[in-house]
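See below for the structure under consideration.
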Amino acid sequence: MPRMLDVSDAVRAEIGDEEADRLLAGENAPGSYDCTSCRTPGDSEQERTSTVLFVGDETAVLAFAHAGCLPSQVVQVTEEQLQGAVRSIGGRPAADGDLRRSVPEQAVLGVTSGLVLVEGELHPALVVEPTAPIVRPGSFGAGDDFLPLLIEQGFMPVTELVSVPPVLHGWSVLLAMGQLHAVLQPGVGGGQPVAWWQAHQPLQVTDGWRAAANKHQQVLLFAAPVGSIGRQPREDLLRASLDRAAAGGKLVAAALPLAGT
């Protein structure tokens, strides 16, 4: 049965006309899928669905997303990220143009920017929430170690948003050309900082957010486990979610120095 798929010109150019036509005809596309953006179920027979091609140096993974969440596009990622995604679904690395048609199952860090009022001043903030539970490296348990891992890195538990959290030295937020590029953490053995989180494409921030970041020369980073915050369309709703997460003991925070402008 034909699928309600969107295949962009960029994706078609990567996978070829024959493969794109097979997808549109429903030969190789799944009916149901987990959206690679919001992680909730979708059905390409019932709703418009975007094809999203993750491309590394040697591997390509074709994923699917609700058209309302993501447009059909090609996303460049590191080969390490993509190989990890392929391993996580038990597949082999794709090579010689062969595509693994699976959605990467590893957790992705969702990042939301907003202004947060603390001690009578507006501060630029980033709120980080994974799309799935984070387990300790090497662990095969079913728990969520996201907050304990961050506390071990120096983030502080927050039970109430009444004061600015302490500065976490060695970490920083990278802004360049007025756009958000990455959250950096210390390198191994005191080496060059490495990306803890990096945007696939630089993220736009508001003029107010950028002005507050330049004023304070730091950004407040809040982190919560999956399902604690959600994607909030307004800053007042984001603040309410932060307050609930803090009251429930599900929030850590730190002030990260600003890198760039």
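The values are calculated or read from the model by the stated rules, or taken from the named source; none is laboratory data. These numbers come from a predicted model, not from an experiment. Cβ atoms come from the backbone with ideal geometry, glycine included; neighbour counts cover every protein chain shown.
Things worth noting here:
- For segment 96-131, the candidate set comprises residues that are of a type in the set (Asp, Glu) and modelled with pLDDT under 75; within that set, the residue that is surrounded by the fewest Cβ atoms within 10 Å (Cβ to Cβ) is 96.
- Selection count, segment 240-253, where residues are surrounded by 14 or more Cβ atoms within 10 Å (Cβ to Cβ) and outside any helix (DSSP H, G or I): 4
- Hey, residue 79 more than 30 Å from residue 161 (Cβ to Cβ) and at pLDDT 85 or above or not: no
- Any strands (runs of 3 or more DSSP E) falling wholly within segment 139-239 and containing at least 3 residues that are over 20 Å from the mean Cα position of the chain (by Cα) and not basic (Lys, Arg): none
- Residue check for residue 221: in the same structural domain as residue 143 (by TED's automatic domain parsing) and closer than 22 Å to residue 248 by Cβ: yes
- Within segment 202-217, the residues that satisfy the criterion of being out of contact with any His (no Cβ under 6 Å at 6 or more places or on another chain) and free of Cβ contacts under 8 Å to residues at least 60 places away in the same chain are 204, 207, 211, 214, 215, 217.
- One residue stands out in segment 37-55 among those that are at pLDDT 70 or above and assigned to a loop (DSSP other than H, G, I, E, B): the one that is farthest from residue 6 (Cα to Cα), namely 40.
- Every pair of residues 6+ apart whose Cβ atoms lie under 6 Å, when the first sits in segment 167-182 and is assigned by TED's automatic domain parsing to the domain that holds residue 196 and buried (at least 21 other Cβ atoms within 10 Å of the Cβ) while the second is modelled with pLDDT of 85 or more and part of a loop (DSSP other than H, G, I, E, B): 168/154; 180/205
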